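A.B. asks: The structure under discussion is supplied below as structure tokens; questions concerning it will follow.
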Amino acid sequence: PTTQPATAPADTQPATAPTTQQGQTLSTLATTFVDQLAKGQFKDAAKPFDEPMLKALPPEKLEKLWKDLAAVNGKYLGLAGALRTKPIAGYIAVYVPTHWEKQNVDLKIVFIKDHHISGLWIVKPGDD
């Protein structure tokens with residue numbers, strides 16, 4: 001299952017290329033997000049969503065997405081390597097490699113400048 005990112009509101013400033021500190025901060029936020037999903041803390045995981053993302057993927061749908069991932073990939077076993085950070089069209093994507101029983105997948109978490117999550121995709125490991 002793949003979730004398309006919500007469009008950022010017109011008054012939201014897009015992110016620029018991350019500095020090392022920004023990249024570390026976003027990586028920490030992304031790791032926390034995945035940890036919350038793994039623990040079933042879907043309301044907490046959705047707190048950093050921007051408004052359009054929250055409308056597109058409220059906690060109930062986020063829970064379904066996580067359960068669908070487990071149905072396809074087996075039990076979640078943890079992180080599967082180093083996170084990658086990449087600027088994309090004015091946003092910053094953090095790729096979180098995750099390890100599951102059947103296969104690994106990357107969670108592509110897209111942030112806007114104020115560190116809100118504005119998009120989420122499930123991609124093959126190493127894909128952009």
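The values are calculated or read from the model by the stated rules, or taken from the named source; none is laboratory data. The shown structure was predicted, so the numbers you read here are calculated from the model rather than taken from an experiment. Every residue, glycine among them, receives a Cβ derived from its backbone with ideal geometry; neighbour counts consider all protein chains shown. Please note that ligands, DNA and RNA were not included when accessible areas were found on the heavy atoms of the full protein model with its side chains. Shrake-Rupley method; radii C 1.70, N 1.55, O 1.52, S 1.80 Å.
A.B. asks: I'd like to verify a number: residues in region 76-94 that are hydrophobic (A, V, I, L, M, F, W, C), closer than 17 Å to I122 by Cβ and either open to solvent by 40 Å² or more (accessible area, probe 1.4 Å) or without any contact (Cβ under 8 Å) to a residue 40 or more places away in the chain (or both), how many?
C.D. replies: First, the residues of region 76-94 that are hydrophobic (A, V, I, L, M, F, W, C): 77, 79-80, 82-83, 88-89, 92-94.
Cutting the leftovers down to closer than 17 Å to I122 by Cβ gives us 77, 79-80, 83, 88, 93-94.
Next, from what is left, pick out any that are either open to solvent by 40 Å² or more (accessible area, probe 1.4 Å) or without any contact (Cβ under 8 Å) to a residue 40 or more places away in the chain (or both): 77, 79-80, 83, 88, 93.
Selection size over region 76-94: 6.
A.B. asks: Among the numbered criteria (1) modelled with pLDDT of 95 or more; (2) touching a strand residue (DSSP E or B) at 6+ places or on another chain (Cβ under 7 Å), which single criterion is violated by Y91?
C.D. replies: (1)
A.B. asks: Does A70 qualify as being of a type in the set (A, V, I, L, M, F, W, C), at pLDDT 95 or above, open to solvent by less than 60 Å² (accessible area, probe 1.4 Å) and under 15 Å from the mean Cα position of the chain (by Cα)?
C.D. replies: On the way: of a type in the set (A, V, I, L, M, F, W, C): yes; at pLDDT 95 or above: yes; open to solvent by less than 60 Å² (accessible area, probe 1.4 Å): yes; under 15 Å from the mean Cα position of the chain (by Cα): no.
In short, no.
A.B. asks: On to the next question. Among the residues of region 41-51, is any in contact (Cβ under 8 Å) with a residue 12 or more places away in the chain and in contact with a Ser or Thr (Cβ under 6 Å, 6 or more places away or on another chain)? Show your work before the answer.
C.D. replies: Within region 41-51, the first condition is being in contact (Cβ under 8 Å) with a residue 12 or more places away in the chain, and the residues that meet it are 42-43, 45-46, 48-51.
This time we only want the ones that are in contact with a Ser or Thr (Cβ under 6 Å, 6 or more places away or on another chain), so: 50.
Checked against the condition, which is being in contact (Cβ under 8 Å) with a residue 12 or more places away in the chain and in contact with a Ser or Thr (Cβ under 6 Å, 6 or more places away or on another chain), region 41-51 yields at least one hit.
A.B. asks: Out of region 45-60, which residues are open to solvent by 10 Å² or more (accessible area, probe 1.4 Å) and in a helix (DSSP H, G or I)?
C.D. replies: Passing the criteria: E51, P52, L54, K55, A56, P59, E60.
A.B. asks: Moving on. Being surrounded by 13 or more Cβ atoms within 10 Å (Cβ to Cβ) and charged (D, E, K, R) narrows it down to one of E101, E63, so name that one.
C.D. replies: On the way: E101 fails: surrounded by 13 or more Cβ atoms within 10 Å (Cβ to Cβ).
Within the list E101, E63, the selection yields E63.
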